[in-house]
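The values are calculated or read from the model by the stated rules, or taken from the named source; none is laboratory data. It should be emphasised that the depicted structure is a prediction, and the values quoted were computed from it without experimental measurement. Reconstructed Cβ throughout: ideal geometry from the backbone, glycine too, with neighbour counts over all protein chains shown. Surface areas here come from the heavy atoms of the whole protein model, side chains and all, with no ligands, DNA or RNA. Shrake-Rupley method; radii C 1.70, N 1.55, O 1.52, S 1.80 Å.
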Amino acid sequence: MSATLSAPIRLRLLAAAAGFGLLGACASTTAPLSGSQATNDPYEVQNRKTFAVNQKLTSQGSGGGVASVIPEPFQDLIHNVSENLSMPQVAVNSLLQGDLRGTGLALHRFSVNSVLGMGGLVDAASEFGVPEHDTDFGETLHVWGVGEGAFVMLPILGASTQRDVAGRVVDLFTDPLSYRLPEPERYVGTGIGLADGVIQGSRRAKPATYEAARAEYLERRRADVSSRRR
């Protein structure tokens, strides 16, 4: 094994470290939550501005914005490929969470859909009864005992928390496929994943108010992470 790391790997490690640094810096300036319905929103003024811009970009109602200009069959293909390419990363996060069953499911789905699903264009794994499984580094941080931090509204991507922002940063640079594929193929999964995130967000019905968007996200996300053992 080489004593030095290649430039792409060093970049990914630095970006991952930056994600942890962001989480630590933000956590030190925000108060912990106290209860399942608590709201920690010290950046509300800026969050509301971002929410207003997002509403204009994606439009009101279900199926507006990006989803209204991309044919639905093509949206489904993007989603299927994105889900398949995310499975190695899901397997890594499941392993980091001590979830061996989830690790196996993710690898099984990736194998079946890559071979029988023509690279993920078709969700063959579901047709064969392989259960769906999804997780991310934000949930891994929860399992490791990291609090969710403050609520934040991201441009285009929408509602999030400081913990999930840090998780997104780490996930972008720790995809196992990006270490195995040559350039520019190693960035295809990231690009398709971002495109799918924007499309799926555009397909969902948009909360009419900032308060509704915040409450909806926190309720859904807390339900997701609570299913992960700590």
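Can we say Asp196 is open to solvent by less than 60 Å² (accessible area, probe 1.4 Å), in contact with a His (Cβ under 7 Å, 6 or more places away or on another chain), under 29 Å from Val53 (Cβ atoms) and of a type in the set (Asp, Glu)? Can you show your working first?
Numbers: open to solvent by less than 60 Å² (accessible area, probe 1.4 Å): yes; in contact with a His (Cβ under 7 Å, 6 or more places away or on another chain): yes; under 29 Å from Val53 (Cβ atoms): yes; of a type in the set (Asp, Glu): yes.
Answer is yes for this residue.
If you take just the helices (runs of 4 or more DSSP H) that sit entirely in region 89-163, which of them hold at least 3 residues that are at pLDDT 95 or above and open to solvent by 40 Å² or more (accessible area, probe 1.4 Å)?
100-115
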Quick check on region 199-229: of everything there that is of a type in the set (Asp, Glu) and more than 20 Å from Trp144 (Cβ to Cβ), which residue is most open to solvent (accessible area, probe 1.4 Å)?
Glu219
Could you list, ordered by first residue, the pairs with Cβ atoms under 9 Å in which the first is in region 102-130 and touching a residue at least 40 places away in the same chain (Cβ under 8 Å) and of a type in the set (A, V, I, L, M) and the second is open to solvent by less than 60 Å² (accessible area, probe 1.4 Å) and in a helix (DSSP H, G or I), at least 6 apart or interchain?
Leu121/Asn80; Leu121/Val81; Leu121/Asn84; Leu121/Asn113; Val122/Asn80; Val122/Asn113
